[in-house]
Amino acid sequence: MRRKAREGAVAGGLLVAATLLVAGCGGGGTRESATDSNSPPQNAPATPTPTSSPSAPTRSPEPTNPAEPTNPADRRLVTATVSGGIDGRHQSVLVNADGSYTTLSGAKPVGRDKMKPDELTKLRKALAESDFTKLPRINMRSQPIPDGLTTAVVHQGHEVVTDGSKPVPALDRIVAALPLP
């Protein structure tokens, strides 16, 4: 008896939910409520509404400083993520062209800081000397390394991934110059 009562309650609840869902999809209720009482009948010819002319000419927004990109991706210098290991880490650093950076970690809150000028110069030099877009994209063994670390670095839309098993000195210099947590 309890089972039938429970099934009835569930069926009733589903019926109410379905009714509300259908009513919600109908544009807000009955057909009468969908039309405004002040609007002309549907068979009446449409009359254009007068447009208001602006009292003052509209100005285009002030141009921004062209040296300062408005899109955050345009000002991003490099992004790197290190993940894996016995401790299950997942740490990222997002470095902007001005040396400011954000660190992300699964175990720590987001951190923000700015690289010292000599650190930023070292990172820029490592990126420039690496010919980054020509580095092999995947530098990993065919079999995963137990408790190994995987590092992914993105620069100018090009991503390079390594597990450290194959030497890529140019990439190693970039990773060493990053302010990883």
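Please work out if P136 is open to solvent by 60 Å² or more (accessible area, probe 1.4 Å) and within 15 Å of L94 (Cβ to Cβ). No: the conditions fail for P136. Scan the stretch 143-175 for residues that are in contact (Cβ under 8 Å) with a residue 40 or more places away in the chain, under 22 Å from E119 (Cα atoms) and either in a strand (DSSP E or B) or open to solvent by 60 Å² or more (accessible area, probe 1.4 Å) (or both) and the total you get is 6. What are the pairs, 6+ residues apart or on separate chains, where a residue within the stretch 129-142 that is over 15 Å from A170 (Cβ atoms) has its Cβ under 8 Å from a residue that is of a type in the set (K, R) and open to solvent by less than 100 Å² (accessible area, probe 1.4 Å)? Taking only residues 6 or more apart or on different chains, the pairs are M140/K166; R141/K166.
Within the bounds of the stretch 95-114, is there any residue that is open to solvent by less than 80 Å² (accessible area, probe 1.4 Å) and under 20 Å from V168 (Cβ atoms)? Yes, the conditions are met somewhere in the stretch 95-114. Just give me the residues in the stretch 140-179 being farther than 19 Å from S92 by Cβ and in contact with a Lys or Arg (Cβ under 8 Å, 6 or more places away or on another chain), in sequence order. Scanning the stretch 140-179 gives R141, S165, K166.
The values are calculated or read from the model by the stated rules, or taken from the named source; none is laboratory data. Please read these numbers as outputs of a predicted model, since none were measured by experiment. Ideal geometry is used to build each Cβ from the backbone, glycine not excepted, and the neighbour counts take in all protein chains shown. The protein model used for the area step is the full one, side chains on, heavy atoms only, and it has no ligands, DNA or RNA in it. Shrake-Rupley method; radii C 1.70, N 1.55, O 1.52, S 1.80 Å.
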